[in-house]
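Asker: Input: one structure, supplied below.
The values are calculated or read from the model by the stated rules, or taken from the named source; none is laboratory data. The structure presented is a predicted model; accordingly, all values stated were derived computationally and were not measured. Note that we place each Cβ from the backbone using ideal geometry, even for glycine, and neighbour counts take in every protein chain shown. Side chains are part of the model used for accessible areas, which takes the heavy atoms of the whole protein and leaves out ligands, DNA and RNA. Shrake-Rupley method; radii C 1.70, N 1.55, O 1.52, S 1.80 Å.
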Amino acid sequence: LLATFGRPTIADDDPGAGPVAAIATALRALADNVLFAPCDLPWLDAATVSTVLAAAGDDDGGPSVVVAETDRLQPLLSWWRSDTLAEVEALRRAGYTAVHEIVTRLGARRVTVPAAAMRNVNRSADLG
């Protein structure tokens, strides 16, 4: 879908392997810090994204990962420093396949965001 709008896309290096594999793909392909946001958050707003980015800071001495949380961890809205790739790949090889496991192992900085912005929509009925 993004390609139809002229936006770049990156194919997963390991299709079907889940979000941790997708995070590794993006870190490898972009070789830069990356903000991840799930596509099923229609109420995600700029202020919420800015909150996550602000927690990341602007120097290499900051956290390697910043993850959003409401009353629970929201690991798919997260910012990853480019140099976390080796650690992510090592954790995948060790059997960690869930994003919440990876962010916990990496000691991610948690930042509180509004629950309304994190309202997940998987079906038309969820929009009501």
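Asker: Against the condition at pLDDT 90 or above and open to solvent by 70 Å² or more (accessible area, probe 1.4 Å), how does ARG110 come out, does it pass?
Answerer: So ARG110 passes the test.
Asker: Quickly run through the stretch 50-67 and pick out the residues that are free of Cβ contacts under 8 Å to residues at least 60 places away in the same chain, open to solvent by 30 Å² or more (accessible area, probe 1.4 Å) and in a helix (DSSP H, G or I). Give the steps one after another, and end with the answer.
Answerer: Residues of the stretch 50-67 that are free of Cβ contacts under 8 Å to residues at least 60 places away in the same chain, as a first pass: 50, 53-67.
Then keep just the ones that are open to solvent by 30 Å² or more (accessible area, probe 1.4 Å); that gives 50, 53-54, 57-61.
Within the stretch 50-67, SER50, LEU53, ALA54 meet the criteria.
Asker: Before we move on, is ALA24 outside any strand (DSSP E or B), open to solvent by less than 30 Å² (accessible area, probe 1.4 Å) and among the hydrophobic types (A, V, I, L, M, F, W, C)?
Answerer: yes
Asker: Quickly run through the stretch 73-97 and pick out the residues that are outside any strand (DSSP E or B) and either buried (at least 20 other Cβ atoms within 10 Å of the Cβ) or among the charged types (D, E, K, R) (or both).
Answerer: Across the stretch 73-97, the qualifying residues are ARG81, ASP83, THR84, GLU87, VAL88, GLU89, ARG92, ARG93.
Asker: Looking at (1) out of contact with any Ser or Thr (no Cβ under 8 Å at 6 or more places or on another chain); (2) open to solvent by less than 30 Å² (accessible area, probe 1.4 Å); (3) not hydrophobic (A, V, I, L, M, F, W, C), which is the one condition that is false for THR70?
Answerer: (1)
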